[in-house]
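Have a look at the structure below before the remarks.
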Amino acid sequence: SQRKKIAIIGGDGIGPSVTHEAKLLLEVYRDKAGLPLDLWELDLGADRFLRDGVTFPKEIQIAVQRECAAVLLGALGDPRVPGMEHARDILFGMRFGFDLYANVRPVKALSDRLVPLKGRGAKDVDIVVFRENTEGVYVGMGGQFKRGTPDEVAINEDLNTRKGVERIVRAAFEYAKRTGRKRVCMADKSNAMRHAHELWLRVFDEVRREYPEIESRHLYVDALCLLVIQDPTQFEVLVMNNLFGDIVTDLGAALQGGLGMAASANVHASDPGRVALFEPVHGSAPPLAGKDIANPFAALLTVGMMLTYLGWPDEERRIERVVAAAIEEKACTVDVGGTLGTRAAAAWVRERVAREL
Ligand code: NAD
Ligand code: IPM
Ligand code: MN
């Protein structure tokens, strides 16, 4: 079959170390299972930006778009670059530039031990969040006026388009239908943000009629945050705008053992052939960088999501199962109750996967 080229960007903070472990897992799949993967490491991130001013060169962006099946990203964000210029160019350069409108973030607990809710276990936390990824307040519309004066005004506009809202809502329903999930809930703030979010309500109401077999529900996002903690079992698929999706998936990560366990995919859901971006939900966690303590499992689970996207869904299930076993046996980092470092925890998973292949 055709070879798949995968661009790898470690980025900043803990990004390079967890991404290194993810790369080693991909190498096991390439060398032991014979998956036709070509790995292409890119030196991008704060170090590169501070060294020679390069953020995300146009020719790299074009080459990735033309040649790659997927991108694996660690995390971006470095205290030496307070303006986050490089992070925005790279991260949004791919999310927006490749029109990866669906940020798919599973909130799935792999072990009872990881669920912090009293009386709840892994079986109670299995949600997939569809976060709109190309609009909302992330478009950067707005400005600062009379900056530094007592009359200063700062504005970020919330851009919502018919096309943009419809395609993410549809992606959520299509996903539910394809995977046999029975409930889709859309969360907005249409009671306060009347103009922008009334569109979400209207589009949701239209699209849901096309899926009568799926139970649909609307909540204001504040109420969703309450209910998902009180009883996560009532939710299967969630869909919401860019900002709410960002916030709700960090909240969701708390139900699955923390940010060290949360994986994500950024895809153009209606074009499965397009290059897609895979990244753990967590950031660069600067205080943890260089200490061999960051949890690499989010990055390894992200490799699983990538392998499903590339056509090997059994391997995502295998990685999940092996990570779950690592958690059970406490072969994991301290944030999830183990004693191992980043490298040793990832090696445990990698060796177990390699033995099974
Ligand atoms: P963060 O996700 O880096 O950290 C939040 C908390 O989770 C911290 O307590 C951290 O120690 C913990 N944590 C995160 N990942 C972990 C892991 N793998 N193992 C164990 N613990 C982990 O968020 P932050 O501190 O708000 O942001 C740090 C930087 O990362 C900022 O510059 C931010 O903008 C950036 N960021 C980047 C991305 C991305 O690249 N996609 C995502 C989120 C934040
Ligand atoms: C994420 C991050 C980013 C976002 C930041 C780094 C801009 O928090 O991927 O969740 O808000 O999308
Ligand atoms: Mn985030």
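Counting only DSSP beta bridges with both residues in the chain, what percent are antiparallel, rounded to the nearest 5? Working shown, then result.
On the way: 19 of 47 bridges.
Looking only at bridges with both residues in the chain, the antiparallel portion is about 40 percent.
Are there DSSP H segments in the chain that both extend 15 Å or more along their axis (alpha-carbon positions) and score a mean Kyte-Doolittle hydropathy of at least 0.0? List them, or say none.
Values: long enough: 15-31 (23 Å, -0.31); 162-179 (25 Å, -0.78); 194-208 (21 Å, -0.71); 242-255 (20 Å, 1.04); 297-309 (18 Å, 1.75); 313-328 (23 Å, -0.61); 342-356 (22 Å, -0.61).
Answer set is 242-255, 297-309.
Evaluate the charge dipole of segment 210-282 about its Cα centre and quote only its size in Debye, nearest 20, assuming +1 on the Cβ of each Lys and Arg and -1 on the Cβ of each Asp and Glu. Numbers along the way, then the final one.
On the way: 2 positive and 10 negative charges, 35 e Å.
Using Cβ point charges on Lys, Arg, Asp and Glu, segment 210-282 gives about 160 debye.
Can you tell which of Asn133, Leu224, Leu255 lies farthest toward the positive end of the dipole of segment 126-255, using +1 and -1 charges on the Cβ of basic and acidic side chains (Lys, Arg; Asp, Glu)?
Asn133
How large are Rg and Dmax for segment 126-255 when only the alpha carbon atoms are used, in Å?
Rg and Dmax of segment 126-255, Cα atoms, are 16.0, 56 Å.
In units of 2.2 N^0.38 Å, what is the alpha-carbon radius of gyration of the chain?
Dividing the Cα Rg of the chain by 2.2 N^0.38 Å gives 0.98.
Looking at the square roots a ≥ b ≥ c of the eigenvalues of the Cα gyration tensor of segment 1-152, which shape do they give, rounded for a/c under 1.5, prolate if a/b is larger than b/c, or oblate?
oblate
I need the peptides 157-170, 127-140, 9-22, 47-60 ranked by packing, meaning the mean over residues of other C-beta atoms within 10 angstrom, with the highest value on top.
So the order, starting with the most tightly packed, is 9-22, 127-140, 157-170, 47-60.
Using a/c under 1.5 as the rounded threshold, could you call segment 1-60 rounded, prolate or oblate? The axes a ≥ b ≥ c are square roots of the C-alpha gyration tensor eigenvalues, and prolate needs a/b larger than b/c, oblate otherwise.
Judged from the Cα gyration tensor, segment 1-60 comes out oblate (a/c at least 1.5, b/c at or above a/b).
Please state the charge dipole magnitude for segment 126-255, taken about the Cα centre, from unit charges on C-beta atoms (+1 on K and R, -1 on D and E), reported in debye and rounded to the nearest 20.
340 debye
For a protection proxy built on the mean count of beta-carbon atoms within 10 angstrom, sort 232-245, 302-315 highest first, please. Present the calculation step by step, with values, prior to reporting the outcome.
Working: 232-245: 22.6, 302-315: 19.9.
Per-residue mean Cβ counts within 10 Å order the peptides as 232-245, 302-315.
Rounded, prolate or oblate: pick one for segment 179-251, where a ≥ b ≥ c are the square roots of the eigenvalues of its C-alpha gyration tensor, a/c under 1.5 means rounded, and failing that, prolate if a/b is larger than b/c, else oblate.
Working: a/c = 1.90, a/b = 1.04, b/c = 1.83.
Judged from the Cα gyration tensor, segment 179-251 comes out oblate (a/c at least 1.5, b/c at or above a/b).
If contacts are Cα pairs under 8 angstrom and at least 6 residues apart, what is the relative contact order of the chain in percent?
Relative contact order here is 21 percent.
Read-outs: derived from the displayed coordinates by stated rules, not from any lab. Note that the coordinates shown come from a computational prediction; the quantities given were computed from them, not determined experimentally. When we count neighbours, we look across all protein chains shown, and the Cβ atoms used for this are built from the backbone with ideal geometry, even at glycine.
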